[in-house]
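Here's the structure, in structure tokens; my notes come after.
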Amino acid sequence: MHYEGNIIRPPSEADSILLQVTVGCSHNRCAFCGAYTGERFRIKDEATVFCDIDYAARHMPMLRRLFLCDGDAMVLPMARLRAMLVRIRERLPQVARVGSYASARSLRGKSPAELAELRSLGLSMVYMGLESGDDELLARMGKKSCVADILDKARLVREAGMKLSVTVIAGLGGSEGWQRHARLTGEALTAMQPDQAASLSLIPVPGTPLWDWVADGSFSLPQGLDMVRELRLTLEHTNMERGLFLADHASNHVPLRLRMPRDKARGLALLDAALAGERPIKPERARRL
């Protein structure tokens, strides 16, 4: 496989064929993200991608999932996506699910009919980064999309028949704005009704604007139990009719894997136990991105 730079994939794609179709992220300006720092975004040539599909067909015949890397494969023109998915179907008939990151920005270039076509060709899992339900916070973090736009594009994804996974980040509002961030994030997740909501906990990355803000004191990073308290408030305001609510990333202080709405009360109780000192939380030194 012809990999270049950092290959980033969701935790749930750990056992997937990782097919790199772009290098880096088309946006790459989020203040908290260091995944592609210094990486110039580009679309990989079709011949290389097709060569990697053929390689996977020869060497990975048992893997039934495939993920399109890197940061936002949905930015690809429709013709390129169509040809690639057709090739995957022809050469990897055992693959039952193709997934991709997507942003509201890249989804603007795809009509509902085109999204439905992509679904018919096998693209059935889309991962979107909401990060926060607070528009002011999204603007400060350089997201370039408002909550209403993200919710609208998430709706189109679901109407096309694709499964939707949404990521949010505890701690992004800092020590001062955590309550607003948590409440609005829970309300946005409720509006989106994703198949999976995944909450990470913020870890500043060297070389990012957020790292500099923490260093100069303009951003106060919540610690330990403050992060747990924020996660609890987000979960309290999240009312999903179905699907998973996850906080089992290596960055989280208290691991949660909840089937909603059945397990919501149990999740709140676990977080309450941690806040009361009745359940240990992960120490800072053990947290990872």
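Relative contact order of region 82-236, please, whole-number percent, based on alpha carbon pairs below 8 angstrom and at least 6 residues apart. So the answer I get is 22 percent.
Taking one quarter of the surface of the C-alpha convex hull of region 1-75 gives a mean projected area of 5.2 nm².
Note on region 1-135: with charges restricted to the Cβ of Lys and Arg (+1) and Asp and Glu (-1), its dipole about the Cα centre is near 360 debye. DSSP beta bridges fully contained in region 11-286 are about 15 percent antiparallel.
Divide, for region 11-286, the radius of gyration over alpha carbons by 2.2 N^0.38 Å, where N is the residue count.
On the way: Rg = 19.1 Å, N = 276, 2.2 N^0.38 = 18.6 Å.
So region 11-286 has a normalised radius of gyration of 1.03.
Here is the list for region 1-62: chymotrypsin sites (Phe, Trp or Tyr not before Pro) lying in DSSP coil, each with at most 14 other C-beta atoms within 10 angstrom of its C-beta, are Tyr3. Note on the chain: Lys pairs 8 or more places apart or on different chains, Cα atoms under 22 Å apart, count 10.
With K and R counted +1 and D and E -1, the other residues having a Cβ less than 10 Å from that of Val126 yield a net charge of +3.
Only Lys, Arg, Asp and Glu carry charge here, each on its Cβ (+1 for the first two, -1 for the last two); on that basis the chain has a dipole of about 740 debye about its Cα centre. Near Leu130, the amide H atoms lying under 5 Å from its own belong to Thr167; only residues 5 or more places off or on other chains count, and H is placed 1.01 Å from N.
Residue by residue, region 15-27 carries 3J(HN,Hα) couplings of 9, 9, 5, 9, 9, 7, 10, 9, 10, x, 10, 5, 9 Hz when phi is fed to the Karplus relation 6.51 cos²θ - 1.76 cosθ + 1.60 (θ = phi - 60°); x denotes Gly or Pro. The trypsin sites (Lys or Arg not before Pro) of region 90-137 meeting both criteria, a DSSP state outside H, G, I, E and B (loop) and at most 15 other C-beta atoms within 10 angstrom of the site's C-beta, are Arg108. Of the GluC sites (Glu not before Pro) found in region 184-289, those in coil by DSSP whose Cβ has at most 11 other Cβ atoms within 10 Å are Glu241, Glu278.
Stokes-Einstein diffusion for region 139-206, with the hydrodynamic radius set to the Kirkwood value over Cα pairs and evaluated at 37 °C in a medium of 0.692 mPa s, equals 251 µm²/s. State, as an integer percentage, the relative contact order of the chain based on alpha-carbon contacts under 8 Å between residues 6 or more apart. Computed over the chain, the figure is 14 percent.
Can you give the % of DSSP beta bridges in region 1-143 that are antiparallel, to the nearest 5?
15 percent
Taken together, the values in this text are just the output of simple stated rules run on the coordinates, not laboratory data. These figures come from a predicted structure and were not determined experimentally. For neighbour counting, all protein chains shown are included, and Cβ atoms are generated from backbone atoms with ideal geometry for every residue, glycine included.
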